[in-house]
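Q: So that we are looking at the same thing, I have put the structure below in structure tokens.
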Amino acid sequence: MNTASIDLGKQNATAIFFFLLFIAFTLGVVWWAARRTKTTDDYFTAGGNIGAVQNGLALAGDFVAAAGFLGISGLVALSGFGGIIYYIGGLIGWPIMLFLFGGPMRNLGKYTLGDVLAERFNKPSIRITTSISTLIIVLCYLIGQMVGAGTLVRLLFGLPYEGAVICIGIVMLIYVMFGGMIATTWVQIIKTVLMLTGVLGIIVLALGRFHFNPAALFSAASNQYGSQVLSPGRFISNPIEAISLSLALALGVSSLPHVLMRFFTVPDARAASRSLVYATCIIAIFVFATFILGFAAMVLVGRSTIVAADQGGNMAVPLLAEQLGGTAFFGFISAISFATILAVVAGLMITGATTLASDLWSNVVRRGHVSSKEQFIVARGSIVLLTVAAITLGIFMRGQNVGFLVGLSLAIAASANFPVIVLAIYWRQFNHHGAIAGIITGLLSSLLLIYLSPTVQIDLLHRATAVIALRNPGIIAIPLAFFVSIVISLATGGASVVENFIEYERRMLLGSSDA
């Protein structure tokens, strides 16, 4: 094993070259998209003209962030099969979307989840509550990406942490400010294709060392580190914890606002369902690749070298790329890692801006009496505010263990969004009182349980013990949100609730009457 040619924390000319090449190409995409962004529909949802294959690639890009590409592969390299629970749990969320609410949401919504719920309840309060939940999820996810990006870029490109965070903020501001959802979608597509190319390239080179036999790779890992690396459950051995984490991952991924928003970028419900099929297939390839990448890094690079570069194992894949293809391949994979962060951040930004401009400003403050020009101004102003907030919080939280932010985002989405979406689509007696109560319950319970958990009390605050032993609140917060939603709806329901559902159901199944 020879990794002496890589000097982490120093400027790598090859990595910088590939990164600048990606930036230049995608800025060309932004220029192209800006010329085609003429209406608010174009800006928020690409005019609903994204094809199923393209949307499937973009959806896969939303899911396969740097945390998965680098973090989970590194986790597998350090812990074996036990680390794969994070990807498997997330993968399950896509069939859930496909079979439960992918098509119905496309028929019911226009821009956001708030549109879907307001279509049934037509209350400003439901938009306000949904918007608060959405913005909290987006900010948690966004901060995690920014802090991870600053750390990653410092290691890969030799830039100062603060400079890296500011650089990412400026680039994503340009993407979303001028190109809107059209540019964001195509940046995701480009990033997904590049990631597939890079990952498959690494796998071919790695498996070539083992006569293209994955079993030989796993056998080598077992011989080198013991048979326990092939045993599942070592990373999370508590069954309750494993179930709770799996619930948060599966139901959280299927309820993330920036993922749900992609249903509105395709022409119809059929295209939404097809795009989910394509996304699931692409993500399944990445899940398989994560196994191979993690074990290949374990065997060919070595755990001690991986930990020496980064204690969390995040450098396992770039180091493996250097081991297999030299400095040039290392630079290419490093640039792809950075591109991954930029693409995910852009998707989060357009979601936050749409929530502020459409749900809160247009439908709550202005009560629908707003011009397209005014919506554009508010949306772009929202992007500036979100960018400043993301950069500021990213710099402020430097050095913090922010891995819990991604988990918190998924836990909130699973607890606050998933119960309300399912009940709104499938339960006739569900009303706006139950919806608001369910969102608030899911939001507050997940935040409280995370705060009281060992993740915050011990890992972040360095206290000796935690109030509760459960690290993942899904097994408590999700059923609690369902329970509160149902009880409040039954206690406050009326005949009009069921009557209103009939038209809602027709629209859900057939689409709008003017479609």
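Quick note: the coordinates plus some simple rules give every number you see, no bench work behind them. Model, not experiment: these values are computed from the prediction. Cβ coordinates were reconstructed from backbone atoms using ideal geometry, including for glycine residues, and neighbour counts include every protein chain displayed.
Q: How high is the relative contact order of the range 424-515, given as a whole-number percent (alpha carbon pairs under 8 Å, six or more residues apart)? Don't jump to the answer; show the numbers that get you there.
A: On the way: 92 pairs, mean separation 36.8, N = 92.
About 40 percent, as a whole number.
Q: Tell me, what ³J(HN,Hα) does each residue in the range 215-221 have, in order and in whole Hz, if you take phi through Karplus 6.51 cos²θ - 1.76 cosθ + 1.60 with θ = phi - 60° and put x for Gly and Pro?
A: 4, 5, 5, 5, 5, 5, 4
Q: Helix 13-36 sits at what angle to the longest principal axis of the chain, using alpha carbons and giving 0 to 90 degrees rounded to 10?
A: On a 0 to 90 degree scale, this one is about 20.
Q: What is the sum of charges around residue 343, taking Lys and Arg as +1, Asp and Glu as -1, for the other residues whose C-beta is under 11 Å from the C-beta of residue 343? Don't jump to the answer; show the numbers that get you there.
A: On the way: positive: 191; negative: 62.
Computed value for this residue: 0.
Q: ³J(HN,Hα) across the range 126-134 via Karplus (A = 6.51, B = -1.76, C = 1.60, θ = phi - 60°), whole Hz, x for Gly/Pro?
A: These are the phi-based 3J(HN,Hα) values: 6, 5, 4, 5, 5, 5, 4, 4, 4 Hz.
Q: Which whole-Hz couplings ³J(HN,Hα) result when phi for each residue of the range 375-380 is put into the Karplus expression 6.51 cos²θ - 1.76 cosθ + 1.60, θ = phi - 60°, listed in order with x for Gly and Pro?
A: 4, 4, 4, 5, 4, 6
Q: In Å, what Rg and Dmax follow from the Cα atoms of the chain?
A: Every Cα atom of the chain included, Rg and Dmax give 22.5, 73 Å.
Q: Relative contact order for the chain using alpha-carbon pairs under 8 Å, separation at least 6, rounded to a whole percent? Numbers along the way, then the final one.
A: Details: 873 pairs, mean separation 150.8, N = 515.
Reported as a whole number, the value is 29 percent.
Q: Any idea what the dipole of the range 324-477 comes to, in debye rounded to 20, about its Cα centre with Lys/Arg Cβ at +1 and Asp/Glu Cβ at -1?
A: Details: 8 positive and 3 negative charges, 40 e Å.
Here the size comes out at about 200 debye.
Q: Just rank 358, 125, 79, fewest to most, by other beta-carbon atoms within 10 angstrom. It would help to have the intermediate numbers written out before the result.
A: Working: 358 26, 125 14, 79 19.
Starting with the residue having the fewest Cβ neighbours, the order is 125, 79, 358.
Q: Still on this structure, I have one more. What does the highest-first list of 187-194, 286-293, 482-489, 373-380 look like by mean Cβ count within 10 Å? Walk me through the numbers on the way to the answer.
A: Numbers: 187-194: 22.8, 286-293: 20.8, 482-489: 18.8, 373-380: 16.6.
In decreasing order of mean packing, 187-194, 286-293, 482-489, 373-380 become 187-194, 286-293, 482-489, 373-380.
Q: To the nearest 20 Debye, how big is the dipole of the range 13-510 about its Cα centre, given +1 on the beta carbon of each Lys and Arg and -1 on that of each Asp and Glu? Let's see the in-between values first.
A: Numbers: 26 positive and 16 negative charges, 89 e Å.
The calculated dipole for the range 13-510 is roughly 420 debye.
Q: Considering the options 278, 314, 69, tell which one lies farthest towards the positive end of the dipole of the range 13-510, charges being +1 on Lys and Arg and -1 on Asp and Glu at the Cβ, about the Cα centre.
A: Working it through, the farthest residue towards the positive pole turns out to be 278.
Q: OK, next. Can you tell me the orientation of helix 161-208 relative to the chain, as the angle in degrees between its alpha-carbon axis and the longest Cα principal axis, to the nearest 10?
A: Between the helix axis and the principal axis of the chain, the angle is about 50 degrees.
Q: Now for a separate question. Before rounding to the nearest 500, sum -39500 (n - 2.57) across all DSSP H runs of length at least 4 in the chain and divide by the residue total; then give [θ] at 222 nm in deg cm²/dmol. Walk me through the numbers before you get to the answer.
A: Details: 22 runs with 372 residues, N = 515.
Mean residue ellipticity at 222 nm (helix-derived): -24000 deg cm²/dmol.
Q: Could you list 433, 258 so that the one with the fewest beta carbons within 10 Å of its beta carbon is first and the one with the most is last?
A: Starting with the residue having the fewest Cβ neighbours, the order is 433, 258.
Q: Under a crude label model (7 Å from the Cα following the beta-carbon direction), how far is residue 487 from residue 372 in nanometres?
A: So the two model labels end up 4.8 nm from each other.
Q: Among 173, 196, what is the fewest-to-most ranking by other Cβ atoms within 10 Å?
A: Working: 173 21, 196 18.
Final ranking by Cβ density, sparse to dense: 196, 173.
Q: With an 8 Å Cα cut-off and a minimum separation of 6 or more residues, compute the relative contact order for the range 52-173 in percent. Write down the numbers at each step before the final one.
A: On the way: 46 pairs, mean separation 11.4, N = 122.
Answer for the range 52-173 is 9 percent.
Q: Hey, what angle do you get for helix 85-100 against the long axis of the chain, alpha-carbon based, 0 to 90 degrees rounded to 10?
A: 30
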